[in-house]
Structures are given as structure tokens and as C-alpha cells.
Amino acid sequence: MSISSETVDQVKGLEADKYKYGFVTDIEMETAPKGLNEDIIRFISEKKEEPDWMLEWRLKAYRHWLTMKEPNWAKVGYKKIDYQDLYYYAAPKSMDRPKSLDEVDPELLKTYEKLGIPLKEQELLSGVVAVDAVFDSVSVATTYKAKLTEMGVIFCSISEAVREYPDLVKKYLGSVVPQSDNYFSALNCAVFTDGSFVYVPKGLRCPMELSTYFRINAENTGQFERTMIIADEGSYVSYLEGCTAPQRDENQLHAAVVELVALKDAEIKYSTVQNWYPGDENGAGGIYNFVTKRGACRGDNSKISWTQVETGSAVTWKYPSCILQGDNSVGEFYSVAITNNAQQADTGTKMIHLGKNTRSTIISKGISAGKADNTYRGLVKIMPKAEGARNFTQCDSLLIGNSCGAHTVPYIESRNPTARVEHEATTSKISEDQMFYCQQRGLSPEAAVSLIVNGFCKEVMKELPMEFAVEAQKLIGISLEGSVG
Amino acid sequence: MALLSIKNLHATVGGKEILKGINLELGPGEIHAVMGPNGSGKSTLSYVLAGREGYDVAKGEIVFKDKNLLDLEADERANEGIFLAFQYPVEVPGVVGMTFLREAYNAKLRYSGHKEADAMEFLKFVRSRAKTLNMSDEMLKRAVNVGFSGGEKKRNEILQMAVLEPELAILDETDSGLDIDALKLVSEGVNKLRSENRSMLIITHYQRLLNYIQPDHVHVLAHGKIQRSGGKELALELEANGYAEFSGEAA
């Protein structure tokens, strides 16, 4: 309950250090040579000890990528990316696949400790969260593995899954986001390095939150992680994802792909708190976050729910989507996107209704401060067979100051006359009246903004698992630091 | 020794001089009523005291508890013990009243170098304060002032005041928009909060409120100046004669 007072403290303590995750871990790295060609892909595949089919799959994606053009329809502007000037593989040298946590380099464990992610199992939140930590191109450690395996849950790095569970991977890899889906996803298919793999067996309600923590450390490195979650019939899983990166003057590319599959009666809840380095006040440095996230509600009565709190990154291009294939399946998208200073975000969702009586809900809260630009872009598509489909969309934008922008670009396509689609949108500013009212009750201007913004985002924040809600509330305060006065 | 001392206060809003030399002293525990016609500068006085942006002091001084109030920001003034009950309480969507109040209460504790209140203890404290005022704490479960009736908004202000225990409470037209029952309830609340450690500055158009909250002193504000001061009988006189006596006076 004392969440918002913590927010205030956090904001206060941040005068000097706005992005506290901006440190660099000094660790010897093994990298592939700079640039991208078939040899680099072979190198990555070899490093991962992948079977031939996997290499072929990567090469096919790469060849297709070469024929594609970088998309430019999003309302974001950034320096042209030189794909030959990036490292596509970086791994801590000491870390050739540790068998257990004891084998993990202490330097790395320290890094995660600094980030507030204890990897030692006994320190983890009394056993309610299992963590897979990804450091640049490799998965560092997955906790609670034994306990999960006992229940039949597979939770491991995707590299490991390719080796250990090839049939499952083959069956679902690229089935939700095809190789040729878009420029960045094709690139990811060619060079993806690591990420998490989750399989929840039939009828099991996964008793702990599964979590992945992504960390970009190395310089000039792209992070191309790939996450896959399969919820078998009647199962339930809640998955959390957190991200940070060091403070660097150059931009770093992050092009991830996330695929979710929910079979009959299954439910997947996917929550993200994204806090990649946003760049400095003038827009130098920061992460380019070009991510393709999509979930398929394959079975009847299945449900996929995306909740995201996006506070970081210099440029965000991200549309977590749901394909509602099964009858009565449900898709949800709850989003808070905050942009401050020179940040740009073009984010939203796609809800594709295929099955009968499919339902989707979209709640998007965009907050813009400084000189930032914040765009909601969404598509609700009702296909001819989606009898009785329903969608409700609410897009609210909040502006702080006079130099920022908020844009809403909703697309609605309905091909079934029985469908019901609702769209509501508001744009507001933090009023001078609200600020004075809060200050008159003793709140500092920063605390007042943080409180008002948290109130504005409430409908989304309540969707986050408790462990993440606290962190997210703090983040909101921090990322709006300096936006008033 | 006065709690609040205002000397030759001149204040402008948007470049226009509204207050033209106010002198006023409030002793500890005293209740002063400031009455006056529309546009006389009553609300400006309350905003200047609370430190609202855009209300600029051109001349004069305000001393509160021996401190130069003009050196302090609005939030610092609040934490020093000044509470303004708003004429139009502001909506804060999505922020639950209890959270809002706890933030404010903790801000004050931190300001005076104390530890923040325990959430459960605070909840009990708020309930007990609400009970003293014969008010329900139900409205603290809702977002601050969102969808509140006029009466609820004013009651909420008084409840906040009871929790934050200010040394100086400024009630800006607290009676406006209240029906007779709500007026009684709010006044009773205010009377319960009277104490020798709490001074009040009650700003109102009408004498009506002063039937319920008896002031020690009454001042008439017109044309940016205190035109007359007296005891509570002055309020009755105004009620009988109106502000005509003061309205002809040149600025």
C-alpha cells in the first residue's frame, strides 16, 4: 500500500543519477566479428551447437531479409542503422553454458544483484518467481529449474530448447510470427541469440511467475532475443519481462520476437516493464526497441493478455498483438507508454478476430513530456467468420508541458455485421489546478506529477503482478523526473 | 505573538494589482472572517497565502511562525502548517482519496524529519478523525473529488484538514454551493477542529456561515484593502446593510 510514497522517495533520491541502471559490467567478452553475412549466422548457430535444421531456418530468414526494406510508416525518426557496423553475438567469456548457478561468473551475479534481480534461488521472493537472466547474447541462469521440471513445466533458454526439445520448437517456431512478417522480425529469425522458452503442460496452473531479465551490456551490440511461450490445453502461466541497458552515447539495437501460443482453454498473461536506456536529454544514445510480439489464441476459450509499461528506449516500435482464432477466445492489451525528453514511441496493438464470439479489450495510456512524441497505433480487424465479435478500445493521452506530442492512429476493419467495436479516446494535460491542489497538501512538484500520472495509469497498473507493480510505479516517477518546473 | 502577520501586502495577478495594502494579524487559536463583495480580492488573498503560482507579491511581507512565508514554495508552506480548503476542490482521477491523504500526511512527516506513518496505523487514525466529524470515510475509497457532489467535496476538504492538523486553516468560500444540511455538517466539523493551536481565516460572502462558526474578528475587504475591522457584530451589520457602504469607495 505504501507504493506511491516509495515513488516519492525514489524520485527524491534520483537527483544525481537519473538512470541508475546505466553502469557497465567489466567482463571479458567473446564476440563474433562485426557485421552481418551468412558466415556470422553460421558462427552463431555453431556457438549455440544448433542442429542443421535450425541453421537452415536462420539462413532462409536472412536471405529473405536481404530482399526487404526497413519500414518507415511509424511516426519515429532516427539515424539510419548501419547493419554492418554491429556485433551480432556477444557472450561473457567465462560463461560457456553453466550447468548450475554455482558456475556463473560472480561478476555477472553482481550485475544482477545491482539491478535488484537476485539469481540465487534462496534470495528470490520466497519462491514465487523463477528467473531466466539474459546477458547480451546468452542466457546466464535460469532459477528454480528443478522444481519446475518436476511439474512438467519447461522453462529454459531458447538455445537449450532448440537442443533439448527440438520437436516442440520446430512445431511452434515462426508459427505466430512468420519469418517474412516484417523487416526486424526477419532479422531476428536470422541472428537471434537467446531468450526464454516456456512450455506449460496440459491442465497445469503454473504456480510461480516466470520471469526473464534482459540486459544489454556490450558496446555496439544488437540484442536479438526470441521468446516463446506455449500454454497447452487448460493451462495457465504468468510471465514477466524486464529490461535494462548501460548508458552509452551510441544507439543500440534491440529487435526481439516474442511468440505466444494458447491452446484450448489455456491462458497466458505476459507483462513487460521496459526500462532500456532512453538516451540523454538531447536525444544522444539510447536503445532502438524494434520488437515484434504476437500471441495466437489457437484453441477455443483461450486467452492472451499483454500488459506493458514502457518507460525506456530512445525509439520504441512495438505492437503486441493477438490473433483470436479459437471461438470465445479473449485478447487483452493494457499499455502505459511514457516518453520524456527526446524519446519517441510508436506503440499499440493488433487484435485480429477470426473465431466466433471472440472478445478483445485495449486500454492504452500514453504520457508525453519534454519534447517527446508518443503515438498509439492500433488495428482491430473483424474477419467474416467472427460472428458476435466484440472489441472495446480506450486510448488516453496525457501531456506534460507544451513541447511534446500525442497521436492516436486507430484502424478498425469489420467484415462481419454482427460485430461490435467501440473506440474511446481522450487527450488531457496535467492542469495547473491539479498541481496546486497537490502542492497545497504538501506534495513536491515531482511527487505531484508522479501521483497524478500513476492515477492516470491506474487501470493498466492494476493488471501487473504485484512484484512488478511496485517497480513500475517507481519507474513512472523516475522517468518523468525533470518534466515539471 | 501573532501566528500570521501580513503587512502592507500588494499582490498582482496577470499584471493587475488586486491586493493594495493588506494589513492583518492572526493570533494563535483565533478565528478571523474576511468578508467582502465579489471581486474584492478575497480569493486572491487565500491564494497568495498558499503560494499559488501566478499570484505575485509586489510589496509587503507575510510572516508565519516567525518565518518569511514568501521565501517558501507552496508545498513547503503546506508542510509548515498552512491548509487551504478550496472553494472548488480539484479532481485527481485514479488517485484514491486514502492514498492522496497518506501521501500528504507522509510529506508533512518527512518535512519535519519524522518517519513515515505505518499504513495500518494511518488508516485507523483517519477513521477516528472521520468519526469525530460524524463523517463516513467511504469517500476516501473513491478517486479524489471525482464524481463528488458539492457537499461531498467540501466535507472531503474538512476531513483532509482534520487529518493534516494545520496551524492555520484558510477556508475559501466553504459555504458556497452547500444546502442548509450540508452547511450545518461542514460547520460542525469546522467547530470541532477549533483549538488553541489552530487559527482560521474564513473567507465568505455571506453572514450565514458565521451563524454556525462564530469568529473572533470580522474584516471587510473591498477594493483590495481591509476597509473595516470589528467583532462578530460587524457581520450582522453587513448582513443588514449590504456592502453598499464600501462599494462606492475609490480604489
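The values are calculated or read from the model by the stated rules, or taken from the named source; none is laboratory data. Small disclaimer: the values here were computed from a predicted structure and weren't measured. Counting neighbours? That spans all protein chains shown, and the Cβs are built from the backbone with ideal geometry, glycine included.
When each of A:GLU432, A:GLU446 is tested for being of a type in the set (Asp, Glu), touching a helix residue (DSSP H, G or I) at 6+ places or on another chain (Cβ under 7 Å) and within 14 Å of another protein chain (Cβ to nearest Cβ), the lone residue that passes is A:GLU446. Restricting attention to the stretch B:107-119, which residues are among the hydrophobic types (A, V, I, L, M, F, W, C), assigned to a helix (DSSP H, G or I) and modelled with pLDDT of 90 or more? Hits for the stretch B:107-119 are B:ALA107, B:LEU109. Looking at A:GLY370, A:GLY299, A:GLY285, A:GLY295, can you tell me which residue is in contact with a Leu (Cβ under 6 Å, 6 or more places away or on another chain) and surrounded by fewer than 24 Cβ atoms within 10 Å (Cβ to Cβ)? Unique residue meeting the criteria: A:GLY299. Of the helices (runs of 4 or more DSSP H) lying entirely inside the stretch B:132-242, those carrying at least 1 residues that are within 14 Å of chain A (Cβ to nearest Cβ), in contact with a Pro (Cβ under 8 Å, 6 or more places away or on another chain) and under 26 Å from A:GLN434 (Cα atoms) are B:150-164. Between A:SER414, A:SER403, A:SER483, A:SER479, the distinction of being out of contact with any Lys or Arg (no Cβ under 7 Å at 6 or more places or on another chain), more than 14 Å from every other protein chain (Cβ to nearest Cβ), among the hydroxyl-bearing types (Ser, Thr, Tyr) and more than 30 Å from A:CYS322 (Cβ to Cβ) belongs to A:SER483 only. Against the condition in contact (Cβ under 8 Å) with a residue 12 or more places away in the chain, touching a His at 6+ places or on another chain (Cβ under 8 Å), closer than 26 Å to B:ARG155 by Cα and not aliphatic (A, V, I, L, M), how does B:SER176 come out, does it pass? Answer is yes for this residue. Of all the numbered requirements in (1) touching a helix residue (DSSP H, G or I) at 6+ places or on another chain (Cβ under 9 Å); (2) acidic (Asp, Glu); (3) part of a strand (DSSP E or B); (4) away from chain B (no Cβ under 14 Å), A:GLU422 misses one, and that requirement is (1). Just to verify a result, which residue in the stretch A:444-485, among those that are aliphatic (A, V, I, L, M) and assigned to a loop (DSSP other than H, G, I, E, B), is nearest to A:SER368 (Cα to Cα)? The residue in question is A:LEU480. Being closer than 23 Å to B:HIS219 by Cβ, at the interface with chain A (Cβ under 9 Å from one of its Cβ atoms), surrounded by 22 or more Cβ atoms within 10 Å (Cβ to Cβ) and among the aromatic types (Phe, Trp, Tyr) holds for only one residue in B:PHE64, B:PHE83, and it is B:PHE83. Restricting attention to the stretch A:390-407, the residues that are in a strand (DSSP E or B) and under 18 Å from A:SER335 (Cβ atoms) total 12. Counting only helices (runs of 4 or more DSSP H) that fall entirely inside the stretch A:1-116 and contain at least 3 residues that are modelled with pLDDT of 80 or more, the qualifying elements are A:38-47, A:52-66. If I filter the stretch A:449-467 down to residues being surrounded by fewer than 23 Cβ atoms within 10 Å (Cβ to Cβ) and away from chain B (no Cβ under 13 Å), which single residue comes out as modelled with the highest pLDDT? The qualifying residue modelled with the highest pLDDT is A:GLU463.
The number of residues in the stretch B:101-115 that are within 9 Å of chain A (Cβ to nearest Cβ) and over 17 Å from B:GLY81 (Cα atoms) comes to 0.
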